[in-house]
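Encoded as C-alpha cells, the structure appears first; notes follow it.
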Ligand code: ADP
Ligand code: MG
C-alpha cells in the first residue's frame, strides 16, 4: 500500500505543488484512485465529503498532461453541479499546477457578456483543462466553436448532486460532443442506483472504489437540543456566546428560513452574513470569501453550500433545522473538523422533527447527545420517538415525505 505521494511517480513539478499546498500524505481515496487513473482505467470513486476526492482526480490528470505535452487542444473536461464548486476546483488546480505550464479555465453561469466572450476566446484558443457547470458548457458547445476532438478525460464530480439537480439530460448532451474513446471518471459522495445507471452509460469497465459508509469523522463532537420551534431563535444566540468559536456556519432548510435567521441575528448585532440562491454570483463569492478569511464570524446558509465546498477550519456547524436525511446531515457537519481539527456540530430538534432526527441517528448507528437547555430558554419538550418499533409502512411513508420535501427545497 502506498503511504507517500512520492510513490505515485509524479512529475517533479507536481511534487513541488504538493509541498506548496502542504499536502504531506495521500488520503485513502487518493491512495486507491490515483494508481487506477494513471493506469488508464475508468473509475467510479465514492467517498464522503472532505476525503480529498478533488486531488484524487486532479493530480493524475495534471501528471498525464505534463508528461504528454503533445497537443494544444483541450485535454480534460470536469463537469460539476455548482459555480462555487467550479471555482474551488479551478483554484486547487492552479495550486497543484503552479510549477507546471498548464492552462485551465472555469466556466459557469451568471456573469456578464464580457465574461462570456472571454470564455469563448479561451475555448477557441484551446485550454487544457476546462471546469464547467452543465448549462453554461452546453451554450458554448451549441455555438460550434469548441473543439473537444482530442479530449482525453471526462470527469463528473459530485455526480449524485448533479442528478439531484436535474442535470441528467445536460450531461448526456455534453457527452454527445465528446470523443467516444476517452478516460472517464465519476465521483460521488453517495452511490444510489441512479448513479450506477449513469455510470453504466458513461464509463467503460470502470474500477469501483468505495470508501466506507458515509459517517461523520470521529473528531466532530455532535450534540443536539430538543426544543419547541419557538425556542430555537432564543437558543441560537446563546450557542454563539462561546467566543472560542471563531467561525460558525448555520444551516437552515429553506431560503425563507435562512433570511429570517439572518435578520434576527443581525438585529442582535452579530457579525453575520447569509448565502442562498437569491444572491447574485459575485455576491455569493464575496460572501464566501469574507467568511473564509474570517472577516465574517457567522454564515447562515441553505444547503447550497453543504456539499463539496471547501471551507477550512470551521469551529462549529449549527443545524437550525434537522436536515432531510442522513446524507445531508453528514454533508453539513462535514464542514467542520476537516483534516486534524476538532469541530463541533449542534442540531436543534423541533417537536415536528424528532422522528426525522431519530431516523438519522438510526442510519448513523449513533445516539447523539441531547444537551439540557440553558435556564433562560425554559423547559423543552421530551424526546419521544417511536424508535425501532416504527413499522415499515410508516417508515416508507416518512421516506416519501422526506423525498418530497427534498425536491421542493431544491
Ligand atoms: P471531497 O471532494 O472528497 O469532499 P476535497 O477534495 O474538497 O474533498 O478535500 C477536502 C479538503 O482536504 C481540502 O481542503 C483539501 O485541500 C484537503 N486535502 C485533500 N487531500 C489532502 C491531503 N492528502 N493532504 C492534506 N490535505 C488534503
Ligand atoms: Mg468534492
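The values are calculated or read from the model by the stated rules, or taken from the named source; none is laboratory data. Treat the numbers as computed from the prediction; the structure is a model and nothing was measured. Backbone-built Cβ (ideal geometry, glycine too); neighbour counts: all protein chains shown.
A single entry from 106, 86 fulfils the requirement of being outside any loop (DSSP other than H, G, I, E, B) and under 15 Å from the mean Cα position of the chain (by Cα): 86. Restricted to region 299-322, and to residues there that are in contact with a helix residue (DSSP H, G or I) (Cβ under 6 Å, 6 or more places away or on another chain), closer than 20 Å to residue 82 by Cα and at pLDDT 80 or above, the residue that is farthest from ligand 1 (Cβ to nearest atom) is 300.
Beta carbons closer than 7 Å, at least 6 apart along the sequence or on distinct chains, pair a first residue in region 92-106 that is touching a residue at least 12 places away in the same chain (Cβ under 8 Å) with a second that is exposed (fewer than 15 other Cβ atoms within 10 Å of the Cβ) and part of a loop (DSSP other than H, G, I, E, B) for 95/21; 96/21.
The set of residues in region 109-132 that are more than 21 Å from residue 68 (Cβ to Cβ), touching a residue at least 12 places away in the same chain (Cβ under 8 Å) and under 26 Å from the mean Cα position of the chain (by Cα) comprises 109, 110, 111, 119, 132.
For region 46-64, the set of residues classified as in a loop (DSSP other than H, G, I, E, B) and on the phi < 0 side of the Ramachandran plot consists of 48, 49, 51, listed by residue number. Looking only at residues of region 349-386 that are in a helix (DSSP H, G or I) and touching a residue at least 60 places away in the same chain (Cβ under 8 Å), we find that the one that is surrounded by the most Cβ atoms within 10 Å (Cβ to Cβ) is 357.
One residue is enough: does region 11-28 have a residue meeting the conditions within 16 Å of ligand 2 (Cβ to nearest atom), outside any loop (DSSP other than H, G, I, E, B) and either modelled with pLDDT under 95 or surrounded by 20 or more Cβ atoms within 10 Å (Cβ to Cβ) (or both)? Checked region 11-28: at least one residue is within 16 Å of ligand 2 (Cβ to nearest atom), outside any loop (DSSP other than H, G, I, E, B) and either modelled with pLDDT under 95 or surrounded by 20 or more Cβ atoms within 10 Å (Cβ to Cβ) (or both). Here residue 146 passes the criteria (1) assigned to a loop (DSSP other than H, G, I, E, B); (2) within 30 Å of residue 383 (Cβ to Cβ); (3) touching a helix residue (DSSP H, G or I) at 6+ places or on another chain (Cβ under 6 Å) except the one numbered (2).
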